[in-house]
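The values are calculated or read from the model by the stated rules, or taken from the named source; none is laboratory data. It should be emphasised that the depicted structure is a prediction, and the values quoted were computed from it without experimental measurement. All Cβ positions, even for glycine, are placed from backbone atoms using ideal geometry, and neighbour counts span all protein chains on display. Heavy atoms of the whole protein, side chains included, go into the accessibility calculation; ligands, DNA and RNA do not. Shrake-Rupley method; radii C 1.70, N 1.55, O 1.52, S 1.80 Å.
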Amino acid sequence: MIPDSPPTEISITPLIQGSEFSDWKSLNDTIMGGSSLAKCRSSEKGLFLEGNLVEEGGGFVSCRSPIFDKPFNLSKYSGLILDVEGEGRTLKFAIACEKKPLSLSNLLKGDIRWVASIPTMKNGVSRIKIPFKDLEPARRAKPVRLPLSFDPTCINRFQVLHSKFGQPGKMNSGFFAGPINVLIKSISAYS
C-alpha cells in the first residue's frame, strides 16, 4: 500500500478585500434596454451587489472595478480565489487585460473579457478557486474563437456578474431573477 501524499500547500495573496472595494460601480442590463436595478455598496465586510434582477430585456446585474492605474501582474500565480456569499447563484467573474498595441484583441470590435462561472452555496461563504488556465475569452457573452491565451501580466479590471448567460455562448443554469443580495468578501491570488 502506498501512503497518501501530504496535501499541497498553496500560497494566498489578498488583492482586494473589505472596504477596498469602495470605488467599484454597478453596470446593469439597462445599458442594453433591460430593467434590472442593482447597486454596489462597499463596507468592512466587502462588496455588496444588491437590487432586483429582471430577466426580460436583458438579464444581468454586475459590479466592476475601475480600470486599475497600475495593472496587476499575476504571472507568478496560478489563479484567483474569491470568497463570496452568493445565495446559491452561479455568478460570473470577468477579467479585462490591458490592450497592447498590435494585439489581436485590438482588431476586434468591443473588449474581450476572460470569464469563469463561479457556483456558490445557498448559505455561508463559498471559496471559489479560478485557475487562469480555465478562463475562456468572451465578447458580449459570446465565445471568441481565435487563438488567444490569457496573459496574467496585464490585468486591469475585474467584474462580478449575475447573468442569464454563463460560460461563453451558454445559458447559466444557476441563474434566477428577483431580489439579489450578494457579498464579495475578497479577491486573492494563489500559487
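Per the Debye calculation on the chain with a single equal scatterer at every Cα and no solvent contribution, log₁₀ I(q)/I(0) for q = 0.08, 0.15, 0.18 Å⁻¹ amounts to -0.26, -0.90, -1.29. Quick check on region 1-92: take the gyration tensor over C-alpha atoms, sort the square-rooted eigenvalues as a ≥ b ≥ c, and tell me if it's rounded (a/c under 1.5), prolate or oblate. Since a/c reaches 1.5 and a/b is larger than b/c, the shape of region 1-92 is classed as prolate. Which shape class, rounded, prolate or oblate, goes with region 135-191 when its Cα gyration tensor gives a ≥ b ≥ c as root eigenvalues, a/c under 1.5 marks rounded, and past that a/b bigger than b/c marks prolate? Oblate is the answer for region 135-191, as a/c is 1.5 or above yet b/c matches or exceeds a/b. Amide H contacts of ILE16: ILE187, each under 5 Å away and 5 or more positions distant or on a separate chain (H built 1.01 Å from N in the peptide plane; Pro and chain starts excluded). Springs join every pair of Cα atoms under 10 Å in this Gaussian network model of the chain, and among ILE112, ILE130, ILE31 the largest mean-square fluctuation is at ILE31.
So with the 1.4 Å probe, I'd like the accessible area per residue for region 46-191, rounded to whole Å². It would help to have the intermediate numbers written out before the result.
Working: 7000 Å² over 146 residues.
For region 46-191, the solvent-accessible area averages 48 Å² per residue.
Remark: region 181-187, residue by residue, has Karplus-estimated 3J(HN,Hα) of 8, 10, 10, 9, 7, 6, 10 Hz, where x stands for each Gly or Pro and the curve is 6.51 cos²θ - 1.76 cosθ + 1.60 at θ = phi - 60°.
In percent, rounded to a whole number, the relative contact order of the chain is 31, using alpha-carbon pairs under 8 Å and six or more apart. Seen through its C-alpha gyration tensor, with square-root eigenvalues sorted a ≥ b ≥ c, region 5-48 comes out prolate because a/c lies at 1.5 or above while a/b is bigger than b/c. Each residue of region 40-54 is assigned a 3J(HN,Hα), and the resulting list reads 9, 9, 9, 8, 4, 7, x, 10, 9, 10, 10, x, 9, 9, 10 Hz, derived from the Karplus form 6.51 cos²θ - 1.76 cosθ + 1.60 (θ = phi - 60°), x at Gly and Pro. Its Cα centre serving as origin, region 37-94 has a Cβ charge dipole (Lys and Arg +1, Asp and Glu -1) of approximately 300 debye.
In region 11-80, carbon and sulfur make up what percent of the accessible area (probe 1.4 Å)?
Taking all protein chains in place, region 11-80 shows 50 percent carbon and sulfur surface.
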